Amino acid sequence: MPGFELIGKEEFAEIKHLFDESKILFRHSFDHLRNNIYKVKEFEKAFADRMNIPNALGVTSGTSALRVALASLGIKEGDEVITQSFTFVATVEAIIESRAVPIIAEIDSTLNMDPNDLEKKINKNTKAIIAVHMLGVPARLKEIKEIADKYGIYLIEDTAWGCGGYYNDIPLGTYGEIGTYSFDFAKTMTTGEGGMIVFKEKKHYEKAVAWHDHGHENNPELPRWEDSRAGSGFNYRMNEMQGAVGLAQLRKLDYVVTKQRENAKLMQEVLKEYPVELRTVMSGSYETSDALVFFVDSNKTAIDCRNALLKAGLGTKILPEAITWHFAGTWDHMPELVIRNGGDLQKAFPKSLELLNRSVSLPISINMPDKFQNKLNDALKMVFQ
């Protein structure tokens, strides 16, 4: 989670360069004023190079990244898009905003999409799958991609939590046709708000570039106010200050993930002394270790763990306390979900609910609290001894 922990002189230097040499905060036009300074373009190229993929597009948030991704694939009213029960509410919001039908698959012990349930949900209206690398652990990409290819369905990776991770040495976000990333304040790298989309195919990239900019084609032969139009769209443009901060943060990404993984291992050393089961992480995974999740025997024990952790000066992340923002079974404010799932979301995803109810998630940062291993051990002793 902790890109914000490292905000410092590098980010300030990029912003100072922008203000000293350009002062143009809009990513397009004003070529005669900006001294050839294009921070968003520079950030997009650097990010694409880092992910070993040809095309990247900066946008305003991880949510807008999903919305633009769906638009670039031509997802329309009546199409069905499958995602998973455990994700931030934005994943489903983006589907609904596309006028598509959200279909929810159960999760398994990875706390990501269950490929077996995914395949059961596919029909002639299914046009895309959004697999989420929840809390930085890779989804079962091999199985999910095989299913997507079998049925000719687009695969989008929601990599909001997984930026900097890998699966079988391939960067997360680059298995499917499109990958999306979030740079909000609590993510592995941050631009305050912001997001990125990566594309394998140029046609999807070009459609996204126009759609996220009111349909602008950005014809170099025309001034912007006379620009040609590719079609309708919206405004999800990243600004130059976000691009500047993103450049500095990207250079720190590998260090952030390395430190998080080191701290996760220190936590695991403590957990192995107690009757808990770690979340499944597949062989070949290089998770970002945004959080460390373990299972206990009941929801009561999970709540006891949270209370003990708070008393010890630590805490939990999402599980068990913030499930209402991250579990589709609680989203009865979305009639699209309620109607599709028989009117009772509480009963719609029993496997997911059982797993989440007995999950505890430990937040991981770069600068962990003093003596956090001792504090973790003290908290667990209160529960299990």
How many of the residues in the stretch 2-43 are within 30 Å of Lys317 (Cβ to Cβ) and surrounded by 14 or more Cβ atoms within 10 Å (Cβ to Cβ)? 11
Of all residues in the stretch 76-112, which are without any contact (Cβ under 8 Å) to a residue 60 or more places away in the chain, assigned to a loop (DSSP other than H, G, I, E, B) and of a type outside the set (Asp, Glu)? Lys76, Gly78, Ser98, Arg99, Ala100, Asn112
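Condition check ((1) closer than 21 Å to Leu380 by Cβ; (2) in contact (Cβ under 8 Å) with a residue 40 or more places away in the chain; (3) assigned by TED's automatic domain parsing to the domain that holds Ile104) across all residues:
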{"residue": "Leu310", "(1), (2), (3)": "yes, no, no"}
{"residue": "Pro320", "(1), (2), (3)": "yes, yes, no"}
{"residue": "Gly329", "(1), (2), (3)": "no, yes, no"}
{"residue": "Met334", "(1), (2), (3)": "no, yes, no"}
{"residue": "Lys347", "(1), (2), (3)": "no, no, no"}
{"residue": "Lys351", "(1), (2), (3)": "no, yes, no"}
Is it true that Leu118 is more than 23 Å from Val256 (Cα to Cα), part of a helix (DSSP H, G or I) and not hydroxyl-bearing (Ser, Thr, Tyr)? yes
Sort out which residues of the stretch 367-382 are surrounded by fewer than 19 Cβ atoms within 10 Å (Cβ to Cβ) and either outside any helix (DSSP H, G or I) or not basic (Lys, Arg) (or both), and write them in order of number. Asn367, Pro369, Asp370, Lys371, Gln373, Asn374, Asn377, Asp378, Met382
Looking at Ala139, Ala69, which one is in a loop (DSSP other than H, G, I, E, B), surrounded by 24 or more Cβ atoms within 10 Å (Cβ to Cβ) and in contact (Cβ under 8 Å) with a residue 12 or more places away in the chain? Ala139
Of the conditions (1) in a helix (DSSP H, G or I); (2) crowded, with 17+ Cβ neighbours inside 10 Å, Leu292 clears all except one; give me its number. (1)
Pairs please, first residue from the stretch 1-21 and modelled with pLDDT under 95, second anywhere and among the aromatic types (Phe, Trp, Tyr), Cβ atoms under 6 Å, 6+ apart in sequence or on different chains. Phe4/Phe185
Just give me the residues in the stretch 295-324 being among the charged types (D, E, K, R), over 20 Å from Thr87 (Cβ atoms) and either in contact with a Ser or Thr (Cβ under 8 Å, 6 or more places away or on another chain) or surrounded by 14 or more Cβ atoms within 10 Å (Cβ to Cβ) (or both), in sequence order. Asp304, Arg306
Met196 fails exactly one of (1) in a strand (DSSP E or B); (2) more than 14 Å from the chain's Cα centre (by Cα), namely (2)
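The values are calculated or read from the model by the stated rules, or taken from the named source; none is laboratory data. Remember, predicted model here, so these are calculated numbers, not experimental data. Backbone-built Cβ (ideal geometry, glycine too); neighbour counts: all protein chains shown.
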